[in-house]
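Working notes, beginning with the structure itself.
The values are calculated or read from the model by the stated rules, or taken from the named source; none is laboratory data. Small disclaimer: the values here were computed from a predicted structure and weren't measured. Cβ: placed from backbone, ideal geometry, glycine included. Neighbour counts: every protein chain shown.
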Amino acid sequence: MQVSDKLKGRDFISIHDYSADEVAYLLEVGLELKKLQKQSVPHPLLAGKTLGMIFQKSSTRTRVAFEVGMYQLGGYALFLSPKDIQLGRGETVKDTALVLSRMLDGIMIRTFAHDEVLELAHWASIPVINGLTDLLHPTQVIGDLMTAQEHKGRLQGLKLVYIGDGNNVAHELLYGCAKVGMDMTIACPPGFEPDSQVLAMARQDAQFSGARLEVVENPWEAIKGADVVYTDVWASMGQEGEAEEKEKQFLSYQINQALLAAANPDAIVMHCLPAKRGKEITDEVMDGPQSVVFYESENRLHAHKAIMAVTM
Ligand code: CP
Ligand code: NVA
């Protein structure tokens, strides 16, 4: 297998930065890499290359997918904990970027402030991949689009309904849906709407694809006609102190069997995970026949491999 070098050297900070064709190409490469891996066909597209992975927040899926993915692509991935590297002791993002650019072929970073990723990318001469910030989670959404494509056979014209907090995952889903032409409705309690600037930029992208992006309050109204029902935790990493208060405000935003029954009968259920079972999603739904949550987790591996293979 060969990949085009048209995206070589590009950062991957948001799907918003990629054209619809480029997003389609990433999905195509991800699905092809998945096929090769399932058939045990070696695909050392990044032989001899190295990826540094900076994690300022916890991770299971993202870390394992990048580390294993790099190994399967013939390269090597280093886990850089802020507890151990000098960034954690106050070395600047700029200096870190300049140093790492001299030794590595790519950097993946998961952190709090989105600006930190932008700054790292500004100073680094190698591709920077956003592994989640408080604002966006693009590697998640590439895997999610792959999953929807596999389970629904198409993306364009589907309706994705996101019920819950207008957070980083919701923001990136807005960008992703806008690019591929999927309608998206977000249902959230007042005060927890997605960022208005992200929504406005996603709506601009959506002008090209025809996707309709809406934000409403009532989950029962939102879920009508849903092909994909999506949720995420009510309190994201860094908001642990707000969790208890938010649980009260989000009570009627739980994906349970009754609410799911109001979606299309063949709707699939997605969650980026980790889930708070019994809070935003019930066991019955998460373990039920409509749930594809573990397919999504697996597709992180194939999606991340595609992102690395085309940019590095
Ligand atoms: N969905 C996701 O990014 O999972 P991790 O936090 O485990 O990486
Ligand atoms: N919104 C969640 C996603 C975790 C993958 C968080 O930021 O914690």
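Do the conditions hold for residue 111, that is, is it buried (at least 24 other Cβ atoms within 10 Å of the Cβ), of a type in the set (S, T, N, Q) and within 15 Å of ligand 1 (Cβ to nearest atom)?
Against the criterion (buried (at least 24 other Cβ atoms within 10 Å of the Cβ), of a type in the set (S, T, N, Q) and within 15 Å of ligand 1 (Cβ to nearest atom)), residue 111 does not qualify.
Hey, does segment 63-83 have a residue that's touching a residue at least 24 places away in the same chain (Cβ under 8 Å), of a type outside the set (Gly, Ala, Ser), away from ligand 1 (no atom under 16 Å from the Cβ) and not in a strand (DSSP E or B)?
Yes, segment 63-83 contains at least one residue that is touching a residue at least 24 places away in the same chain (Cβ under 8 Å), of a type outside the set (Gly, Ala, Ser), away from ligand 1 (no atom under 16 Å from the Cβ) and not in a strand (DSSP E or B).
Suppose we filter 101, 125 for residues that are surrounded by 14 or more Cβ atoms within 10 Å (Cβ to Cβ), free of Cβ contacts under 8 Å to residues at least 60 places away in the same chain and more than 15 Å from ligand 1 (Cβ to nearest atom); which single one remains?
101
Please enumerate the residues belonging to segment 123-177 that are over 14 Å from the mean Cα position of the chain (by Cα) and part of a helix (DSSP H, G or I).
Selection gives 123, 149, 150, 151, 152.
So which residues in segment 216-249 are surrounded by fewer than 21 Cβ atoms within 10 Å (Cβ to Cβ) and among the aromatic types (Phe, Trp, Tyr), if there are any at all?
220
Please work out which residue is surrounded by the fewest Cβ atoms within 10 Å (Cβ to Cβ), limiting yourself to segment 262-288 and to residues that are out of contact with any strand residue (DSSP E or B) (no Cβ under 8 Å at 6 or more places or on another chain) and among the small types (Gly, Ala, Ser).
Checked segment 262-288; the qualifying residue surrounded by the fewest Cβ atoms within 10 Å (Cβ to Cβ) is 278.
All but one of (1) more than 16 Å from ligand 2 (Cβ to nearest atom); (2) more than 20 Å from residue 309 (Cβ to Cβ); (3) crowded, with 22+ Cβ neighbours inside 10 Å hold for residue 117; which doesn't?
For residue 117, the exception is condition (1).
Could you list, ordered by first residue, the pairs with Cβ atoms under 8 Å in which the first is in segment 232-252 and on the phi > 0 side of the Ramachandran plot and the second is at pLDDT 95 or above and within 13 Å of ligand 2 (Cβ to nearest atom), at least 6 apart or interchain?
Within 8 Å, the pairs are 238/57; 238/112; 238/134.
Please determine whether any residue of segment 31-38 is crowded, with 17+ Cβ neighbours inside 10 Å, farther than 18 Å from residue 300 by Cα and not basic (Lys, Arg).
No, segment 31-38 contains no residue that is crowded, with 17+ Cβ neighbours inside 10 Å, farther than 18 Å from residue 300 by Cα and not basic (Lys, Arg).
Yes or no, residue by residue, for (1) of a type outside the set (A, V, I, L, M, F, W, C); (2) within 23 Å of the chain's Cα centre (by Cα):
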| residue | (1), (2) |
| --- | --- |
| 247 | yes, no |
| 257 | yes, no |
| 267 | no, yes |
| 270 | no, yes |
| 279 | yes, yes |
